[in-house]
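For reference, the structure discussed in these notes is given below.
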Amino acid sequence: MSKLWIIPAITLLALLCACSQQQSPSPESKEASLQEDSFVFVQGGSFISTMTNYAGHGVSLSDFYIGKYEVTQQEWMEVMGGNPSLFKGSRLPVEMVSWYDAVEYCNKRSIQEGFEPYYVINKETPDPANKSVNDTLKWTITPNAEADGYRLPTEAEWEYAASGGRLSQSYTYSGSNTADDVAWYWRNAGDRYLTGDWLWPVIEQNNNRTKIGGGKRPNELGLYDMSGNVREWCWDWYSQGDAGGGIYRIVKGGGWIGDVSNNAVSFRGKFEASGYGPDQGFRVVHAVRAKQRISASANP
């Protein structure tokens, strides 16, 4: 009697395996799904939000895709190998990365995924446009506008996306007029909600740190953490309108260390390109034609 269940059990197991094989997506479709889920399409146009530095300036942008989340440590490790972050966690945003590190990541990820690198990196010739006395690297980085690889957003692209693009409601922060709805910053990024004045010893004792992406509300486009968590590198020099160079590169969005004012879409932060810290990360952009190539390769 004890053997009578064996044949039905084997039959049931075979049916379950067959169903599992039919329902499980192929590696290609999984990759396409991941790509679709990790980037947000931003329809180009002129600035609607009144809470940006570009409002009323007649600035128009083309369509682009931008990361839904800040680049994670897992994504960084898959491309770069190691993990420089102070706060370790595969789903946490990567930090302790310089502007140069972010540019190298963009190129290496592009190559890894079959795209043409967007940047031409010359580490031998100091960039004459870099006026910093502290930056010992001064790599000369030249964009290739015809390439379809990953890149850093321009400040205008970042503000346009953070403000909600064509769907903008002109919020002060990315997705709300209330910072705590959408931002991780010094008051709420630790064990308890802090009040009073900004004091580093209090912040440190409160175990403030980075958070897993997506823990706060998204903005109008479905983008997360464009206010708070880590500050994000942009392509531009800090000097407004000085495309020819400067001392600092732009960082946007505020971070877990910073005050609430830093989380405003319009806030312009700055660091030397070689600088890095535990609240400095980035997200990537790529062109529409690159996204089309991903879709085409996933659906021959």
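The values are calculated or read from the model by the stated rules, or taken from the named source; none is laboratory data. Keep in mind that this is a model prediction, so the values were computed, not measured. Note: ideal-geometry Cβ built from the backbone for every residue, glycine included; neighbour counts use all protein chains shown. These area figures cover heavy atoms from the full protein model, side chains too; ligands, DNA and RNA do not enter into them. Shrake-Rupley method; radii C 1.70, N 1.55, O 1.52, S 1.80 Å.
Highest mean first, the peptides 195-205, 166-176 sorted by other C-beta atoms within 10 Å per residue fall in the order 166-176, 195-205.
Phi angles of segment 50-56 translate, via the Karplus equation with coefficients 6.51, -1.76, 1.60 and θ = phi - 60°, into HN-Hα couplings of 8, 9, 10, 6, 10, 4, x Hz per residue; Gly and Pro are given as x.
Couplings 3J(HN,Hα) of segment 251-259, computed from phi: 10, 10, x, x, x, 5, 8, x, 6 Hz, in residue order, whole Hz [Karplus 6.51 cos²θ - 1.76 cosθ + 1.60, θ = phi - 60°; x for Gly and Pro]. For Q280, the residues whose modelled amide H falls within less than 5 Å of its own, excluding neighbours fewer than 5 places apart on the same chain, are M96, V97, R231. Here's how it looks for R249: its modeled amide H is under 5 Å from those of Y238, F271, E272, A273, which are all 5 or more places away or on a different chain.
Placing pseudo-labels 7 Å out from each Cα toward the beta carbon at T136 and V120 gives an inter-label distance of 2.8 nm. At a 1.4 Å probe radius, carbon and sulfur cover how many percent of the accessible area of segment 40-161? Result for segment 40-161: 51 percent of the exposed heavy-atom area is carbon or sulfur.
Each of N83 and Q112 was given a label point 7 Å from its Cα along the Cα-to-Cβ line. The distance between the two points is 1.4 nm.
Counting lysine pairs in segment 29-167 whose alpha carbons fall under 19 angstrom apart, excluding pairs fewer than 8 residues apart on the same chain, gives 4.
Evaluating 6.51 cos²θ - 1.76 cosθ + 1.60 at θ = phi - 60° for every residue in segment 262-275, the Karplus couplings come out as 5, 7, 5, 4, 7, 5, 10, x, 8, 8, 5, 4, 8, x Hz, glycine and proline recorded as x.
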